[in-house]
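Report on the structure given below.
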Amino acid sequence: MELIKLTQEYLTGIETIDYEHQKLVNYMNEIMKANEMGDHGRLLIEINIDELISYTVFHFRTEEELMQEHNDPNYLVHKDVHDKLKTEVGNFKKRFNNGEDIGTELIDFLKEWLFSHIQGVDRSYIELFQSKGVV
Ligand SMILES: [Fe+2]
Ligand SMILES: [Fe+2]
């Protein structure tokens, strides 16, 4: 599997956000590499899913705090999408803990989710944040 790259069209131009999105992509790539190791990679998958989950919570908090601070009218809708993702990734983790081999399914899901999220709802705050001088 080819490593996931955050190409130009997925950048928001807001440095903090792009940095955090890149970190999420890095964890996804680590999960992908571990997934290719078969049974030997299981511990690495576990570590990286846990890291990904906590970093995702952190990143969502960054966005939500900025949205609240700048009265983003999309705040509630956007937060709801974040909350759903947290539940979905939590469900993957539960299946993994039950011994299921979820690696490939999880990567496909995250890739699809992150890219459509960045190009969808994350895009809606760019103008607002830039106008408020968020960097
Ligand atoms: Fe978001
Ligand atoms: Fe985001």
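The values are calculated or read from the model by the stated rules, or taken from the named source; none is laboratory data. Bear in mind that the values here come from a model prediction, so they are computed numbers and not experimental data. Here Cβ is always computed from backbone atoms with ideal geometry, including for glycine, and neighbour counts include all displayed protein chains. In case anyone asks, the SASA skips ligands and DNA or RNA and just uses the protein heavy atoms, side chains included. Shrake-Rupley method; radii C 1.70, N 1.55, O 1.52, S 1.80 Å.
Brief remarks on what is shown
- Cross-chain or 6+ apart pairs with Cβ under 7 Å, region 124-135 first and within 10 Å of Ile14 (Cβ to Cβ), then exposed (fewer than 15 other Cβ atoms within 10 Å of the Cβ) and among the charged types (D, E, K, R): Val135/Glu15
- Checklist (1) closer than 17 Å to His117 by Cα; (2) in a loop (DSSP other than H, G, I, E, B); (3) of a type in the set (S, T, N, Q) applied to Asn71, failing item: (1)
- Residues located in region 84-135, provided they are within 14 Å of ligand 2 (Cβ to nearest atom) and among the acidic types (Asp, Glu): Asp122
- Residues (surrounded by fewer than 16 Cβ atoms within 10 Å (Cβ to Cβ) and either closer than 23 Å to Tyr125 by Cβ or within 16 Å of ligand 1 (Cβ to nearest atom) (or both)) located in region 44-54: Ser54
- Residue match in region 95-107 (condition: surrounded by fewer than 17 Cβ atoms within 10 Å (Cβ to Cβ) and touching a helix residue (DSSP H, G or I) at 6+ places or on another chain (Cβ under 7 Å)): yes
- Selection count where residues are open to solvent by less than 70 Å² (accessible area, probe 1.4 Å), among the aliphatic types (A, V, I, L, M) and farther than 30 Å from Val134 by Cβ, scope region 22-43: 2
- Cross-chain or 6+ apart pairs with Cβ under 9 Å, region 18-46 first and farther than 15 Å from Lys111 by Cα, then among the basic types (Lys, Arg) and in a helix (DSSP H, G or I): Ala34/Arg42; Gly41/Lys33; Leu44/Lys33; Glu46/Lys93
- Restricting region 1-21 to residues that are in a helix (DSSP H, G or I), open to solvent by less than 70 Å² (accessible area, probe 1.4 Å) and not acidic (Asp, Glu) leaves a set whose member that is farthest from His117 (Cα to Cα) is Thr16.
- Residue list for region 22-40, restricted to those being part of a helix (DSSP H, G or I) and either modelled with pLDDT under 95 or among the charged types (D, E, K, R) (or both): Lys23, Glu30, Lys33, Gly38, Asp39, His40
- Of all the listed residues (Leu114, Leu76), the sole one being at pLDDT 95 or above and open to solvent by 60 Å² or more (accessible area, probe 1.4 Å) is Leu76.
- Failed item in (1) within 22 Å of Gly99 (Cβ to Cβ); (2) of a type in the set (S, T, N, Q); (3) within 16 Å of ligand 2 (Cβ to nearest atom), with Thr16 passing the rest: (1)
- For region 106-122, a residue qualifies if it is among the aliphatic types (A, V, I, L, M) and within 24 Å of Tyr75 (Cβ to Cβ), and the qualifying residues are Leu110, Leu114, Ile118, Val121.
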